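Taking it in order: structure first as structure tokens, then the write-up.
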Amino acid sequence: MPSALFDKTIPRDLNDISPIASLEALDTETFATLVTEVIPRLSRRGGVGAAESKTPFYTKFLDIVQRRANEPAVVSAIAAIITQPVNSEDDLHRVLGALHLVVCELPEDQILPYRETLVAVSDPDAEGRGDRLFTGWVSPQAKDLLRFVDRRDEAWVSEHKADYMGTRSLRERVRTAREMRPFVHDLLSWLQDGNWPPYKPCEEQLARFPQIAVMPIQKILKESRGDGGWINNLLRFVQDHVPVGRSWESIYPQVKALIDAPQGDEDEWETAECAQEWLDVLNRWRSSQEGLRCA
């Protein structure tokens with residue numbers, strides 16, 4: 001059951017942001033108590049919590065939590081959630097909610113007050129937490145956060161499906177195509193399955209400098225045939241993000257081969273059809289260029 005504090009401060013209509021001003025004015029202890037109740041609510045399984053966290057009210061609420069995240073009482077409240085025993089998937093979602101909704105979103109310096117907590121949960125054996133849920137989910141993400149704040153010049157591609165800080169390191173620390181180039185192959189590797197959590201973030205990083213992805217894609221099309229799902233995703237990436245022109249022409253032979261000689265599970269994925277759609281776009285561009293030359 002929601003507490004009296006929750007009922008008093010959280011509106012029933014989550015599109016209503018009028019109570020936000022009163023939340024800003026709460027003293028730190030009261031606000032921390034509210035955080036202890038709200039973060040687990042926004043971390044519920046089945047998408048319910050995630051949906052609520054995106055409503056206008058809770059979006060504003062989380063902004064306030066992140067702004068006040070270094071107040072000692074708030075640090076203690078969030079740390080208590082992160083270090084709670086994980087005996088069920090509901091427990092796991094509460095811990096991950098505190099990490100994802102708050103700590104992972106903080107500026108580098110504001111993560112530091114949570115460092116001791118992150119160190120504690122990054123080593124489950126030292127804490128006597130050898131259970132599968134904790135070692136498989138919480139510890140790796142705590143290590144990612146520590147890596148982010150301890151190696152401030154380092155950027156990396158996500159190394160596991162829940163490595164959110166790898167993508168953030170690229171977003172904030174890689175500023176030019178030249179700096180991005182060493183990461184392109186590993187970013188493309190995450191495009192193998194659109195259901196993987198890093199898929200969209202990695203696509204977004206590649207789309208910042210899409211031209212430098214073309215030659216690595218050409219190499220994949222030459223050397224890694226047979227994975228129809230991956231190939232389709234690569235073709236869609238080029239179609240969505242790389243301007244039609246010379247870059248497309250450079251991989252034309254490899255795309256044509258997808259139509260002429262399917263391999264592996266490419267038939268199952270209808271890769272030839274995807275490749276033909278890609279070629280149709282290229283051919284329309286070629287025709288437009290011919291028209292310009294004849295004009």
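Here, each number is a calculation from the coordinates, and none is a lab measurement. Here the structure is a predicted model, which is why all the values come from computation and not from measurement. Note that each Cβ is placed from the backbone with ideal geometry, even for glycine, and that neighbours are counted across all protein chains shown.
Summary of computed values
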quantity	calculated
Under 29 Å from LYS219, Cα to Cα: lysines that are on another chain or at least 8 residues apart	LYS161, LYS200, LYS256
Along principal axes, Cα extents of segment 82-237, largest first, whole Å	49, 32, 23
Read-out semi-axes √(5λ) of the Cα gyration tensor in Å, derived from the coordinates shown; its label in (1) 66, 18, 14; (2) 32, 26, 17; (3) 45, 22, 18	(3)
Net charge over other residues, Cβ less than 11 angstrom from the Cβ of GLN211 (K, R count +1; D, E count -1)	+3
Euclidean distance between Cα centres, segment 15-70 to segment 235-295, Å	47 Å
Whichever lysines have a C-alpha closer than 19 Å to that of LYS60, once near sequence neighbours (fewer than 8 apart) are set aside	LYS8
